[in-house]
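Quick one: the structure is below, and I'll ask about it shortly.
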Amino acid sequence: MDQVMSSSEVMHIRDQGAEHLSHETVKKLVKQSQEAKRQSYSPYSKFRVGAALLTAENKVFTGCNVENACNALGLCAERTVIVKAVSEGHRCFKAIAIASDLEDKVISPCGGCRQVMREFGSNWDVYLSKPDGSYVMMTVDELLPTSFGPEDMMSHVSDVTNAS
């Protein structure tokens, strides 16, 4: 049977802070996201996306988008890589790099991916890249300002508990 997390279990997920990575580390992370893009399963849209996620423990996970004939069942690269990391016990992230084949602008995560990233903090880096390796760095908070996150759920739970 599934167990519900207590507020103390959820609140252990802390932002790593804006400890910016070295240029060399970012280049490597972007390259890993480009390599992950090669594994994309995108027979319908032909829009390949790869992601590389750096954990607080300096472990890198990679993932790609996986489409499905039923569009709603497809997975974006960002959600794929986060699910992989979480399934291996990681909850704190430093950065994610995202790659696509767009040449005229950097790739940007969809709203669903932004919200999934936000679940694990708002103050970690997101590197939006182009195939030539150039990138723009933003934080999750900059991608999803005035967001709703786990701490909002905990305050809601305590408000309901206190009202009883």
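Which pairs turn up if I take residues in the stretch 71-82 that are of a type in the set (D, E, K, R) and look for partners that are part of a helix (DSSP H, G or I) with beta carbon separation below 8 Å, at least 6 apart in sequence or on another chain?
Short answer, once both residue conditions are applied: GLU78/CYS113; GLU78/VAL116; GLU78/MET117; ARG79/GLY112; ARG79/CYS113; ARG79/VAL116.
Those residues that are under 17 Å from CYS64 (Cβ atoms) and touching a Leu at 6+ places or on another chain (Cβ under 6 Å), I need them from the stretch 99-125; list them, please.
Once the filter is applied, which keeps residues that are under 17 Å from CYS64 (Cβ atoms) and touching a Leu at 6+ places or on another chain (Cβ under 6 Å), the stretch 99-125 yields ILE107, SER108.
Follow-up. (1) buried (at least 17 other Cβ atoms within 10 Å of the Cβ); (2) more than 25 Å from GLY149 (Cβ to Cβ): which one isn't true of ALA69, the others all being true?
Checking ALA69 against (1) buried (at least 17 other Cβ atoms within 10 Å of the Cβ); (2) more than 25 Å from GLY149 (Cβ to Cβ), the one that fails is (1).
Examine the stretch 53-60 for a residue that is crowded, with 22+ Cβ neighbours inside 10 Å, modelled with pLDDT of 95 or more and within 19 Å of THR139 (Cα to Cα), and state whether such a residue exists.
Here is the first cut: in the stretch 53-60, the residues crowded, with 22+ Cβ neighbours inside 10 Å are 53-54.
Applying the additional criterion that residues be modelled with pLDDT of 95 or more yields 53-54.
Checking the rest, the ones that are also within 19 Å of THR139 (Cα to Cα) come to 53-54.
Yes: one or more hits.
Additional query: Considering only residues that are at pLDDT 95 or above and loosely packed, with under 12 Cβ neighbours inside 10 Å, look in the stretch 116-164 and name the one that is farthest from LEU29 (Cα to Cα).
Taking the candidates together, the pick is ASP132.
Could you pull out the residue among LYS46, LYS27 that is in contact (Cβ under 8 Å) with a residue 60 or more places away in the chain, over 16 Å from PHE93 (Cβ atoms) and basic (Lys, Arg)?
LYS27
List the number of the failed condition for ALA85; all other conditions in (1) free of Cβ contacts under 8 Å to residues at least 24 places away in the same chain; (2) within 23 Å of VAL26 (Cβ to Cβ) hold.
Unmet for ALA85, out of (1) free of Cβ contacts under 8 Å to residues at least 24 places away in the same chain; (2) within 23 Å of VAL26 (Cβ to Cβ): (1).
Yes or no: the stretch 94-114 includes at least one residue that is polar (S, T, N, Q) and more than 21 Å from LEU144 (Cα to Cα).
Residues of the stretch 94-114 polar (S, T, N, Q): 100, 108.
If we keep only those that are more than 21 Å from LEU144 (Cα to Cα) as well, we get none.
No, the conditions are met nowhere in the stretch 94-114.
The values are calculated or read from the model by the stated rules, or taken from the named source; none is laboratory data. Quantities reported herein were computed from a predicted structural model and do not represent experimental measurements. All Cβ positions, even for glycine, are placed from backbone atoms using ideal geometry, and neighbour counts span all protein chains on display.
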